[in-house]
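None of the figures in this text is laboratory data; all of them are computed from the coordinates on show. As the structure is a computational prediction, the values presented were derived from the model and not from experiment. Neighbour counts run over all protein chains shown; Cβ positions are idealised from the backbone, glycine included.
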Amino acid sequence: MKRFLYIFTILFGFILPYKTNCCTTAIFSGKVTEDGRPIIWKNRDSSFEQNRVEYVPAGGAVKYSFIYLSNSAPTAEAWSGVNSAGFSIMNSVSYNIRKKGDTTPSNQMDKEGFVMYNALASCETLQEFENMLDGLSKPMGIEANFGVIDAYGGAAYYEVNNFTWQKFDVNDNPQGYIIRSNYSFSGREGEGQGYVRYNNAKKVIDDYLGEGKKIDPLFVMDSLSRNFYQSELEFNPISEGFDYYVDKGFIPRRSSVSVTIVQGVNPGEERSLAVIWCALGYPPVSQMVPLMVCGGENIPADLKATEENVNSSACVRALKRKNEVFLINDEGAAYVDFRQIQLFRRKISAVEEKMYQDFFEMMDYWRECNRVDRGQLESFYEGLEIR
């Protein structure tokens, strides 16, 4: 309790409001990943807490079947996803990319979710996504950084405003990865949001790579989406023994509602081997689950809508845990209870560890054969425990 009171006294004056439609994202090229396959990551922050997973089969206007992250709402908007061609996309909102003098009204904006849905339905390559952007009517209704990978080794960010876009090729980056939060490098200098979260992620990644280690999906989830390192103060309150700390400047925030991590395929590899890892709800107390487009409609029921409930049961449970993690004072300031997080993590970790073992054994065999055994995948889904 002393620690809590000390934090309240010292830091209360520095609590500032922030926009909730923010995200922290990164793309890792095969240069820095454990197995040479690209990885694309999105830690989603949104005012829409209820997230679920959806599958769309190919047919009609949908060229490629795909799995995507959706709000629990009847709109065709994707907030990240992967399709049967091995093409994957995600985004972060940018608050400095809109050109000065752009008078596009607000009711014509916020089209990023529709763009990503259509990209998953129709794109196979980065070039096709670029063609899609060029073909959109202007103004596009977009202020975003789109992260994209394909099955041909393509990996890039596209910083997009209402009229133009600029590409940042991850394969050309000497570090082997690129991070984007809520500002664009081609945007108005010194504006936007997410500089601290960008620095948090960069410090964690650089330290890890500096030790000669390579990136994999488990590192991304545990060391980025569940990491409370704070670059402004250069410390992690959990490591320092704090029981409570103000919810400010972390990658996982009270507004964090989901995580998606797509592990792509190498050129020439069977595209159905791409995996999208999803964690619905506040990342430190939600479970990561691997999904594959070739599994079709057989997404575990806890992750999707049902006839009885438009919300994902897994997300609902994670939101209940989140409510026990945060302490809100009478001024509206939020504090994270790390003791409660660690209690939940012990319960979830036990399930995750078994899931990882089972899934990675299957993946090793499938990659050897260069094909997915769909019956085996379905059995894995049926036996999956999601907390």
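Just wondering, is there one or more residues in region 291-306 that are free of Cβ contacts under 8 Å to residues at least 40 places away in the same chain, assigned to a loop (DSSP other than H, G, I, E, B) and not charged (D, E, K, R)? Spell out the reasoning first.
To start, the set of residues in region 291-306 that are free of Cβ contacts under 8 Å to residues at least 40 places away in the same chain comprises 301, 306.
Subset that is assigned to a loop (DSSP other than H, G, I, E, B): 306.
Still in the running and not charged (D, E, K, R): 306.
Checked against the condition, which is being free of Cβ contacts under 8 Å to residues at least 40 places away in the same chain, assigned to a loop (DSSP other than H, G, I, E, B) and not charged (D, E, K, R), region 291-306 yields at least one hit.
Anything in region 96-108 that is surrounded by fewer than 16 Cβ atoms within 10 Å (Cβ to Cβ) and either in contact (Cβ under 8 Å) with a residue 12 or more places away in the chain or in contact with a Cys (Cβ under 6 Å, 6 or more places away or on another chain) (or both)? List them, or say none. Before you say what the answer is, go through the steps one by one.
Residues of region 96-108 surrounded by fewer than 16 Cβ atoms within 10 Å (Cβ to Cβ): 99-103, 105-108.
If the condition is that a residue be surrounded by fewer than 16 Cβ atoms within 10 Å (Cβ to Cβ) and either in contact (Cβ under 8 Å) with a residue 12 or more places away in the chain or in contact with a Cys (Cβ under 6 Å, 6 or more places away or on another chain) (or both), then Lys99, Lys100, Asp102, Gln108 are the ones that fit.
Whether any residue in region 179-197 is in contact with a helix residue (DSSP H, G or I) (Cβ under 9 Å, 6 or more places away or on another chain) and farther than 21 Å from Ser46 by Cβ is what I want to check. Among the residues of region 179-197, not one is in contact with a helix residue (DSSP H, G or I) (Cβ under 9 Å, 6 or more places away or on another chain) and farther than 21 Å from Ser46 by Cβ, which makes the answer no. Summed over region 324-349, the residues that are under 16 Å from Arg387 (Cβ atoms) and surrounded by fewer than 18 Cβ atoms within 10 Å (Cβ to Cβ) give a count of 7. The combined condition, being closer than 27 Å to Tyr195 by Cβ and touching a residue at least 60 places away in the same chain (Cβ under 8 Å), is fulfilled by Asn51. Residues that are surrounded by 21 or more Cβ atoms within 10 Å (Cβ to Cβ) and in contact with a Lys or Arg (Cβ under 8 Å, 6 or more places away or on another chain) within region 32-53 comprise Thr33, Asp45, Asn51, Arg52, Val53, listed in sequence order. Could you list, in sequence order, all residues of region 331-387 that are within 30 Å of Pro267 (Cβ to Cβ), assigned to a helix (DSSP H, G or I) and of a type in the set (A, V, I, L, M, F, W, C)? Once the filter is applied, which keeps residues that are within 30 Å of Pro267 (Cβ to Cβ), assigned to a helix (DSSP H, G or I) and of a type in the set (A, V, I, L, M, F, W, C), region 331-387 yields Met355, Phe359, Phe360, Met362, Met363, Trp366, Cys369, Leu377, Phe380. Count of region 33-83 residues, restricted to those that are in a loop (DSSP other than H, G, I, E, B) and either in contact with a helix residue (DSSP H, G or I) (Cβ under 9 Å, 6 or more places away or on another chain) or not hydroxyl-bearing (Ser, Thr, Tyr) (or both), is 23. Looking across region 168-196, the residues that are more than 20 Å from Val32 (Cβ to Cβ) and either in contact with an Asp or Glu (Cβ under 8 Å, 6 or more places away or on another chain) or outside any loop (DSSP other than H, G, I, E, B) (or both) come down to Asn182, Tyr183, Ser184, Ser186, Gly187, Gln193, Tyr195, Val196.
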